[in-house]
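The values are calculated or read from the model by the stated rules, or taken from the named source; none is laboratory data. What you are looking at is a predicted structure, and each value in this text was computed from that prediction instead of being measured. Cβ placement follows ideal geometry from the backbone for every residue including glycine, while neighbour counts extend to all protein chains displayed. Each accessible area value is taken on the protein alone, full model and side chains, heavy atoms only, with ligands, DNA and RNA left out. Shrake-Rupley method; radii C 1.70, N 1.55, O 1.52, S 1.80 Å.
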Amino acid sequence: MLVVGLARTGVATALFCAARGARVTATDSRSETEISEAIGRLEKAQVTLELGAHREKTFLEQDLIVPSPGVPADEPHLQAARAKGVTIWSEIELAYRFMKGRLTGITGSNGKTTTTSLVEHILETAGMQTILAGNIGTPLIACVDAMTDTTCTVVELSSFQLELIDTFRPNIGVFLNLTPDHLDRHHTFEAYGAAKARIFENQIGDDAAILNADDPATTPYAPSLPRVYWFSRKQRVAQGTYVRGEEIVFRQNGAEEVLLKVEDTPLVGAHNVENVLAAAAAARLAGAPASAIARGVKSFAGVEHRLEFITEIAGVRYYNDSKATNVDATLKALDAFPGRILIILGGKDKGSDYTVLQKPLREKTILALLIGAAAEKIETEIAGSVAIERAETIERAVEIASHAAQRGDVVLLAPACASFDQFQNYEHRGRVFKNLVKQLATQGAGATSGKG
């Protein structure tokens, strides 16, 4: 078998298969020095390495190919292998064939990490044996050995992982929302949505599908076979969770059960109410009682890099939303605050339309600080809606913001872009931002003191 790409998922897949006696070859277009960290473990496991370039001959000789999520499904060597009849699975498909217990899978354009973390936290609060895995950080395949028949595995699923499944089937599947993202990879919005919707493809009658009743882009993907549940901030649903006055209610077979009050949700922003509704529905269907859901939501600390409050310096609050890697996530971040925002935008463009930011920028922000490769495109598309400063780097953006912000303002990193132009990933970008802000606080933040 062949593993393509030796980032976190590829390494875990290669080691998993080698440990089970498979003859594994792993290929990566990067050089040995660029992936030196993993080479020792792979060689010890007797994985054959082909580095520096992919070789079509190697692809054509395989029985099974497992590409890492970062490798496009239409990569030319994969297309050639597919044409020859070689089986191509994503890592989650391979892991699914070995896993035990029950599986809750969560996908969507935004909110996946928060919702996945919250579901797992609620189930753990309810006393269940849980595993948190997937696109959130730990590959599903790396968790297989820890699973038992009573394990509740909660997995965050990306479109990249779902587009190459075959039999993968979550007992509970959640589709949070759908907005344009990864169009550089999927090419069309329709293809992107179809990849996400594969989460329901293999579900059977006893399974549950949970969708956002308020999102017209996802409602058409409601499947016919599993039981369908909805979540909504705006309307009563036939089955699922919804907001009734100040309460979050779970409705099933005509009976209604109050789970908690909306004000007990510790996360800021209307979009996080939606995430709580989705998580509450998934947790309830997984067997968590209402009391555990209430305790779990109240005690949830949030997710790093997701509207994460860093500190307040001289009356200016700093928030890290580095995981806002698309325009819709940035819109949600802006919606979470009443106004007077200094926002840091930019990074690697994913074929996004930034013109939709104009109205909220005009209404909510006082300064946009642009960084990274997409800065020029963003400036062109938001021109006239807000004062713009080309900061180029996140270091310079924080410096400018610290001088410009006044007491009561919010400095928000919500880039609307991927991070790969200047950072390893969005986590790296978020950590750099947090460190810069903490340095600012340590220095006494003289630049912002006395303003307002």
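Please give the net charge around Ala391, taking every other residue with its beta carbon less than 15 angstrom from that of Ala391, where Lys and Arg add +1 and Asp and Glu add -1. Write out the running numbers ahead of the final one.
On the way: positive: Arg390, Arg396, Arg429; negative: Glu376, Glu379, Glu389, Glu392, Glu395, Glu399, Asp421.
Net local charge, Ala391 excluded: -4.
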Could you pull the accessible area for Glu32 with a 1.4 Å probe, rounded to 10 Å²?
110 Å²
Along its three principal axes, how long is the range 59-99 when you only count alpha carbons? Whole Å, largest extent first please.
30, 21, 11
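Pick out the long, greasy-scoring helices in the chain: whole DSSP H runs spanning 18 Å or more along their own axis by Cα, mean Kyte-Doolittle at least -1.0.
Values: long enough: 112-125 (19 Å, -0.15); 270-285 (23 Å, 0.65); 426-442 (24 Å, -0.72).
Helix filter hits for the chain: 112-125, 270-285, 426-442.
Skip the ligands, DNA and RNA, and give the accessible area per residue of the range 1-155 with a 1.4 Å probe, whole Å².
Per-residue value: 42 Å².
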So what does the Cα-only Debye profile of the chain read at q = 0.06, 0.09, 0.10, 0.11 Å⁻¹, as log10 I(q)/I(0), no solvent term?
-0.27, -0.62, -0.77, -0.92
Take the Cβ-Cβ distance between Glu427 and Ala80 as r, set R0 to 35 Å, and report the resulting FRET efficiency rounded to the nearest 0.05.
0.55
With both bridge residues required to lie in the range 320-452, what share of the DSSP beta bridges run antiparallel, to the nearest 5%?
5 percent
For the ranges 278-290, 192-204, what's the packing order if you count other beta-carbon atoms within 10 Å of each residue, average per peptide, and put the highest first?
278-290, 192-204
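Ignoring everything except DSSP H segments at least 4 long, calculate the 222 nm mean residue ellipticity for the chain; use -39,500 (n - 2.57) per segment, divide by total residues, nearest 500. Mind dumping the intermediate values first?
On the way: 16 runs with 148 residues, N = 452.
The helix contribution divided over the chain gives -9500 deg cm²/dmol.
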How many angstrom lie between the C-alpha centres of the range 1-30 and the range 199-239?
35 Å
Please report how far the C-alpha centroid of the range 132-174 lies from that of the range 403-444, rounded to the nearest whole angstrom.
31 Å
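Relative contact order, percent, of the chain when contacts are C-alpha pairs under 8 Å separated by at least 6 residues?
Details: 990 pairs, mean separation 50.1, N = 452.
Normalised by residue count, the contact order of the chain is 11 percent.
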Could you look at the chain and say what percent of its accessible area is carbon and sulfur, using a 1.4 Å probe and all protein chains?
48 percent
Could you give the length gained on full extension between Thr188 and Lys234, defined as 0.36 nm per residue of separation minus the Cα-Cα distance, in nm?
13.6 nm
